[in-house]
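Heads up, the thing below is written out as structure tokens.
The values are calculated or read from the model by the stated rules, or taken from the named source; none is laboratory data. A quick note: this is a predicted structure, and the numbers were derived from the prediction, not measured. Reconstructed Cβ throughout: ideal geometry from the backbone, glycine too, with neighbour counts over all protein chains shown. Just the protein is used for accessible areas: all its heavy atoms, side chains included, with ligands, DNA and RNA removed. Shrake-Rupley method; radii C 1.70, N 1.55, O 1.52, S 1.80 Å.
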Amino acid sequence: MILKEKVALVTGASRGIGKAIALELAREGASVIVNYSGNKSRAEETASAIEALGAEALPYQCDVSNEADVQEMVKTAVKKFGHLDIVVNNAGITRDGLLMRMKEADWDAVLNTNLKGVFLVTKAALRPMIRQKQGKIINIASVVGILGNASQANYAAAKAGVIGLTKASAREMASKGITVNAVAPGFIVTDMTDELPEEVKEKMQNDIPLGRPGTPEDVAKVVRFLASEDSGYMTGQILNVDGGMAMQ
Amino acid sequence: MAEDDVLERVKKIVVDRLGVDEADVKPEASFKEDLDADSLDIVELVMELEDEFNLEISDEDAEKIQTVGDVITYIQSHKS
């Protein structure tokens, strides 16, 4: 177990990629704060699964775009576990639609959760991490933030923003022993991608060199690497986990 | 809390954190100009002062701190 005694906060951990990440970190021995926004029973399922692995879990409801609530969440986590070593900014939503038809509210909702949320959670977590003089922040970006995607102007902009934020915070915090990296998943099978129209799914699959969509576990394993000391000499990096969709 | 005591404790933290000579840590010394601290150093310093004196210094107040004297004054006025 490579994350024994570590404490990890995973946002949006009630399902999908966030859940897989929470379980993967727990499997390596980390205690996990299972943040969720609305789905209490799914979050509790994640927490029970973590406990079944012999790790500690704390389900915590909080909208990541609300600064006061985020501050309170981080304080609660530090109070309960004594420290905070790993933050995975995973919470994300979609409100797809053609740019010309996109409502301002859909733009704002996606930017607030997917980009401002990363900023607020990072800001709150840096306090304990600076005190500890170590910390690992892992942001979940998206291949869409690199390649763009029709009908996802809001999502693409937010995820491209996450990439910029990752690099800026990596530079700012490097001298304090805190690393900040991102994972850019491609087409991963989750509830979120399940909502896409069939023809979009088919087209996306055809664009994947490895010939299959990814699983949440494919992403979680790379997050585990970034959360561990094995990636100690990496910061400000964006790792694509997309079956080769975007090659840089 | 006696003023001297506060000064001594602040001095120790500043010397440890910024690696400067104790003789340079005078009330009129500016963190940025005289003690060669960058803004991130000051953030860290403020957090350590919070721990040492068991205070919570708001971001707004922290931004106003420029000299060693500002720190002493702040602690004197916020610590019972």
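Taking a Cβ cut-off of under 13 Å around B:Asp36, the surrounding Lys, Arg, Asp and Glu residues balance to a net charge of -4, with basic ones at +1 and acidic ones at -1.
The string of couplings for the stretch A:104-121 from the Karplus curve (6.51, -1.76, 1.60, θ = phi - 60°) is 4, 5, 6, 4, 4, 4, 5, 5, 5, 6, 7, 10, 4, x, 5, 4, 5, 5 Hz, one whole number per residue in order, with x for Gly and Pro. Can you classify the stretch B:1-73 as rounded, prolate or oblate using the Cα gyration tensor, where a ≥ b ≥ c are the square roots of its eigenvalues, rounded means a/c under 1.5, and otherwise it's prolate if a/b beats b/c and oblate if not? Rounded is the answer for the stretch B:1-73, as its axis ratio a/c remains below 1.5.
Ranking A:Val223, A:Val200, A:Thr113 by how far each Cα lies toward the positive end of the dipole of the protein assembly as shown (charges on Cβ) leaves A:Val200 at the top. On the principal axes of its alpha carbon atoms, the protein assembly as shown extends 74, 46, 35 Å, with the longest extent given first.
Can you sort A:Asp108, A:Asp242 by 1.4 Å-probe accessible area, starting with the largest? List each step's numbers first, then the result.
Numbers: A:Asp108 65, A:Asp242 15 Å².
In descending accessible area the options line up as A:Asp108, A:Asp242.
Using heavy atoms of the protein chains and a probe of 1.4 Å, the accessible area assigned to A:Met245 is about 40 Å².
Only protein heavy atoms count here; on that basis, with a 1.4 Å probe, A:Tyr60 has an accessible area of about 50 Å². Take every DSSP beta bridge whose two residues both sit in the protein assembly as shown; close to 5 percent of them are antiparallel.
Ignoring any ligand, DNA or RNA, what whole percent of the accessible area of chain B comes from carbon and sulfur when the probe is 1.4 angstrom?
Heavy-atom surface of chain B belonging to carbon and sulfur, 1.4 Å probe: 42 percent.
Ranked by the mean number of other Cβ atoms within 10 Å of their residues, highest first, the peptides A:116-129, A:10-23, B:33-46 fall in the order A:10-23, A:116-129, B:33-46.
For the stretch A:93-248, with all protein chains present and a 1.4 Å probe, just round the carbon and sulfur fraction of the accessible area to a whole percent. The partial results should precede the final answer.
Working: 4170 of 7670 Å².
C and S atoms contribute 54 percent here.
Under 5 Å between amide hydrogens, built in the peptide plane, is the criterion, and for A:Ala182 it picks out A:Asn139, A:Gln237, A:Ile238, A:Leu239 among residues at least 5 positions away or on other chains. The mean number of partner chain beta-carbon atoms within 10 angstrom of a residue's beta-carbon across peptide A:125-132 is 2. For the stretch A:29-71, the set of GluC sites (Glu not before Pro) satisfying both a DSSP loop assignment and a count of at most 12 other C-beta atoms within 10 Å is empty. With protein chains left intact and a 1.4 Å probe, residues in the protein assembly as shown average 49 Å² of accessible area per residue.
Selection among A:Leu98, A:Gln71, A:Gln134 by position relative to the dipole of the stretch A:4-140 gives A:Gln134 as farthest towards the positive end (Cβ unit charges, Cα centre). Ordering B:Gln66, B:Ser77, B:Leu45 by the projection of their Cα atoms onto the charge dipole of chain B, which places +1 on the Cβ of Lys and Arg and -1 on the Cβ of Asp and Glu, puts B:Ser77 at the extreme positive end. Only helical runs count toward this figure. For chain A, summing -39,500 (n - 2.57) over DSSP H runs of n ≥ 4 and dividing by all residues gives -14000 deg cm²/dmol at 222 nm. Which pairs in the list A:Lys4/A:Lys80; A:Lys75/A:Lys167; A:Lys6/A:Lys176; A:Lys19/A:Lys75 are over 28 Å apart, alpha-carbon to alpha-carbon? From the list (A:Lys4/A:Lys80; A:Lys75/A:Lys167; A:Lys6/A:Lys176; A:Lys19/A:Lys75), the Cα-Cα distance tops 28 Å for no pair. Taking 30 Å as the limit for the C-alpha separation, the pairs A:Lys159/B:Lys64; A:Lys136/B:Lys32; A:Lys159/A:Lys203 exceed it in the case of A:Lys159/B:Lys64. As a check on your grasp of the helix formula, calculate [θ] at 222 nm for chain B: sum -39500 (n - 2.57) over DSSP H runs of n ≥ 4, divide by the residue count, round to the nearest 500. The per-residue figure over chain B is -18500 deg cm²/dmol. Chains A and B together bury some 800 Å² of accessible area, summed over both sides, with a 1.4 Å probe. Taking θ as phi - 60° and the Karplus parameters 6.51, -1.76 and 1.60, the scalar couplings of the stretch A:213-229 work out to x, x, 10, x, 5, 4, 6, 4, 5, 6, 5, 4, 4, 5, 7, 9, 5 Hz in sequence order, x denoting glycine and proline. Across the stretch B:55-67, coupling constants 3J(HN,Hα) worked out from phi with the 6.51/-1.76/1.60 Karplus curve, θ = phi - 60°, read 10, 10, 9, 5, 4, 4, 5, 4, 5, 7, 6, 10, 10 Hz, and Gly and Pro carry x. A Cβ-based charge dipole, computed about the Cα centre of the protein assembly as shown with Lys and Arg at +1 and Asp and Glu at -1, lands at about 1220 debye.
Legend: mean number of C-beta atoms from other chains within 10 angstrom of residue C-beta atoms, peptide B:39-50, equals 2.
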